[in-house]
Amino acid sequence: MTRIAQTPLYPYARSPDQDATQPPRHPVVIIGAGPVGLAAAIDLGQQGVPVVLLDDNDRPSDGSRAICFSKRTLEIADRLGLGDRLVDMGVRWNIGKVFVGDRQIYTFDLLPEAGHSRPAFINLQQYHLEHALVDRLRALQDAGAQVDLRGGNRLTRIDGHPDHTALSIDTPDGPYRIEADWLIACDGAGSACRDMLGLGFTGQTFEDNFLIADVTMRTEIPTERWFWFDPPFNPGQSALLHKQPDGIWRIDLHLGRDIDREAEMRPENVMPRITAMLGPDVAFSLEWVSIYRFQCRRMSRFRHGRVIFAGDAAHQVSPFGARGANSGLQDADNLCWKLRMVLAGDAPETLLDSYDTERVQAADENILHSTRATEFITPKSAISRTFRDAVLDLGARHAFARQMVNSGRLSQPCIHDGSPLHTPDALTGPARSHPGAVCPDAPLGDGYLLDHLGHGFTLLALGSDAPRLEGVDLLEMSDALTPELRARFLGDAAHALYLIRPDQHVAARWPRADAATVRQAISRATGHTS
């Protein structure tokens with residue numbers, strides 16, 4: 001059973017490239033019009049980079065698929081021009097509850113601190129996200145951006161060369177060829193790009209099966225994340241409940257290993273499971289049903305010459321913690337400013353190696369958290385189960401044990417410690433804003449700090465003199481040092497100067513710095529020096 005858009009959103013249309021006598025060359029070609037590919041195309045298009053985006057489909061994904069989008073993803077969406085739309089469509093939430101059996105053992109708040117523009121998470125079906133991304137891409141096209149989305153274009157061959165990649169493409173009108181200075185592979189877990197280049201994954205595959213059911217129902221359950229260990233309606237297993245827009249709720253039930261997957265997806269077998277969970281008096285209808293197994297693994301490298309992998313094409317994790325789509329969108333956020341600088345001649349090609357360094361680090365962090373959550377939720381040995389049950393028992397009675405309860409550590413942006421792009425920390429300031437971390441948000445006048453950061457480098461001056469440098473935005477604050485700004489950027493320091501990267505990660509910070517010091521940090525952040 002699936003929920004799918006019946007009308008093509010980007011139907012096949014013949015391109016002038018198909019009538020060219022020689023394969024046309026494009027600066028960037030992206031394969032895959034899922035969330036990551038669409039976000040990358042929008043990001044590059046906003047920065048003036050011509051992009052061709054190819055997809056063998058012509059509409060959003062079937063079913064809800066990814067639904068949990070993090071605060072960091074919403075901040076990225078703000079920069080892409082669709083953050084308000086996503087938040088308005090989505091269901092906001094910060095609160096989660098953990099149950100053992102039918103007993104609630106504790107509640108957590110993912111964003112207890114005030115003064116942020118965006119909530120910790122929204123829930124929004126992936127097909128809604130993809131619709132919003134396509135609409136934003138169309139708006140860019142209408143404004144003159146060279147972003148060409150081609151549905152019904154299936155990649156069939158990749159031929160690598162030192163200065164470009166040659167692509168063979170099949171369409172309803174037959175095959176044609178194009179060339180790309182740079183190819184971004186965003187074509188998902190079953191990546192054709194990866195297969196064509198003979199590249200694989202390293203990591204772990206899990207045999208446990210999980211049932212996803214999206215149901216429409218009316219209920220008084222609050223907008224929170226509810227997770228059960230060993231619930232009475234699914235004894236010995238786990239369950240998860242999330243609210244989505246349109247009156248739809250996501251239910252996730254662990255089914256174990258040795259099951260008949262086809263049989264378990266039949267409505268006559270799904271309905272009793274849902275009824276047992278919700279109770280006999282709750283009327284509901286099935287919108288979408290799927291059974292999944294998952295992997296925690298990645299490619300050894302994400303850059304292979306002129307081909308760069310992002311999202312599920314590069315790395316895969318369990319769904320516990322909502323780390324898949326969020327991490328993929330952060331891949332695009334990390335890559336696009338670097339690729340734009342390389343294409344413009346403002347940075348060496350080696351800057352793209354930092355994409356590999358930083359996003360492999362992020363993938364390893366996500367895989368570690370996902371693997372640990374999987375081991376806790378589905379213990380594989382008697383000792384593991386004894387440990388898990390002891391932690392749950394202690395967590396019900398003692399706050400110290402709750403940090404060990406792992407129902408999925410929810411997605412957070414990776415702090416790129418040790419990145420070659422960052423200048424050693426020169427400020428005794430808050431840990432949350434040291435080089436490598438995402439710049440924290442904070443109230444600023446009638447808006448928020450992140451709204452004032454553009455697509456280039458920004459100097460953020462907090463009560464400190466700042467040099468004025470060509471091509472670097474300057475944001476000075478002296479009389480407007482709110483308590484939030486002091487807590488998030490100064491700590492005990494009297495003043496500070498921050499260098500913020502185009503993707504809003506902190507590149508350097510000092511109490512004060514002259515122009516030469518800032519220029520050196522920018523050179524390092526753009527791959528010119530190390």
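Every number here is computed from the coordinates shown, using simple stated rules; none is lab data. Here the structure is a predicted model, which means the values were calculated and not measured. Glycine gets a Cβ as well: all are built from the backbone with ideal geometry, and neighbour counts include every protein chain shown.
Which whole-number percent is the relative contact order of the range 298-407 (Cα, under 8 Å, 6+ apart)? Rounded, it is 24 percent for the range 298-407.
What dipole magnitude, in Debye to the nearest 20, does the chain give about its Cα centre under +1 on Lys/Arg Cβ and -1 on Asp/Glu Cβ?
Once rounded to the nearest 20, the dipole reads 940 debye.
According to the square roots a ≥ b ≥ c of the eigenvalues of the Cα gyration tensor, what is the shape class of the chain, taking rounded for a/c under 1.5, prolate for a/b larger than b/c otherwise, and oblate for the remainder? Judged from the Cα gyration tensor, the chain comes out oblate (a/c at least 1.5, b/c at or above a/b). Each Lys or Arg adds one and each Asp or Glu takes one away; over the other residues whose Cβ falls under 15 Å from the Cβ of Phe294, this sums to +4. Let me know the shape class of the range 431-525, please: from the alpha-carbon gyration tensor, a ≥ b ≥ c as square roots of the eigenvalues, rounded when a/c is under 1.5, otherwise prolate if a/b is greater than b/c, or oblate. It is rounded, given that a/c, with a ≥ b ≥ c, falls under 1.5. The Stokes-Einstein estimate for the range 101-254, based on a Kirkwood radius over Cα pairs and taken at 25 °C with 0.890 mPa s viscosity, is a diffusion coefficient of 119 µm²/s. In plain terms, the residue of Lys380, Lys71 with the fewest other Cβ atoms within 10 Å comes first and the most crowded comes last, giving Lys380, Lys71. Ordering Leu110, Ala382, Gly408 by the projection of their Cα atoms onto the charge dipole of the chain, which places +1 on the Cβ of Lys and Arg and -1 on the Cβ of Asp and Glu, puts Ala382 at the extreme positive end.
With only Lys, Arg, Asp and Glu charged, each at its Cβ (+1 for the first two, -1 for the last two), find how big the charge dipole of the range 431-525 is about the Cα centre; round to the nearest 20 debye. Each step should come with its number before you reach the end.
On the way: 9 positive and 12 negative charges, 87 e Å.
That gives a dipole near 420 debye.
Net charge of the neighbourhood of Glu476, taken over other residues with C-beta under 12 Å away and scored Lys/Arg +1, Asp/Glu -1, is -2. Kirkwood hydrodynamic radius of the range 95-159, from the reciprocal of the average inverse Cα-Cα distance over all distinct pairs: 16.9 Å. Rounded to the nearest 20, the Cβ-based charge dipole of the range 167-247 about its Cα centre (Lys and Arg +1, Asp and Glu -1) stands at 200 debye.
Just to be sure I understand: of the beta bridges DSSP finds with both ends in the chain, what percent are antiparallel, rounded to 5?
Bridges in the chain are about 70 percent antiparallel.
Projecting the Cα atoms of Val36, Phe294, Ala185 onto the charge dipole of the chain, computed from C-beta unit charges around the Cα centre, puts Phe294 farthest toward the positive end. Taking the helices alone, the chain has a mean residue ellipticity at 222 nm of -8500 deg cm²/dmol, built from -39,500 (n - 2.57) per DSSP H run of at least 4 residues and averaged over all its residues. Taking all Cα pairs closer than 8 Å and separated by 6 or more residues, the relative contact order of the chain comes to 14 percent.
Measuring how big the range 306-358 is from its alpha-carbon positions, Rg and Dmax come out at 12.5, 41 Å. For the chain, the membrane-span-like helices by this rule, meaning whole DSSP H stretches whose C-alpha atoms cover at least 27 Å of axis and whose Kyte-Doolittle mean is -0.5 or above, are 324-344, 351-377; this says nothing about an actual membrane.
When the Kirkwood radius is taken over all Cα pairs of the range 207-293, what Stokes-Einstein diffusion coefficient follows at 20 °C and 1.002 mPa s, in µm²/s?
Translational D for this selection: 163 µm²/s.
Listed by chain and number, the aspartates and glutamates whose C-alpha is less than 13 Å from the C-alpha of Lys243, apart from same-chain residues fewer than 8 away, are Asp214, Glu220, Glu224, Asp252.
Based on Cα atoms of the range 31-186, Rg over Rh with Rh as the Kirkwood radius reads 1.09. Along the range 455-472 the Karplus relation, 6.51 cos²θ - 1.76 cosθ + 1.60 evaluated at θ = phi - 60°, assigns HN-Hα couplings of 9, x, 7, 10, 9, 9, 9, 10, x, 10, 5, 9, x, 9, 10, 4, x, 10 Hz to successive residues, with x for each Gly and Pro.
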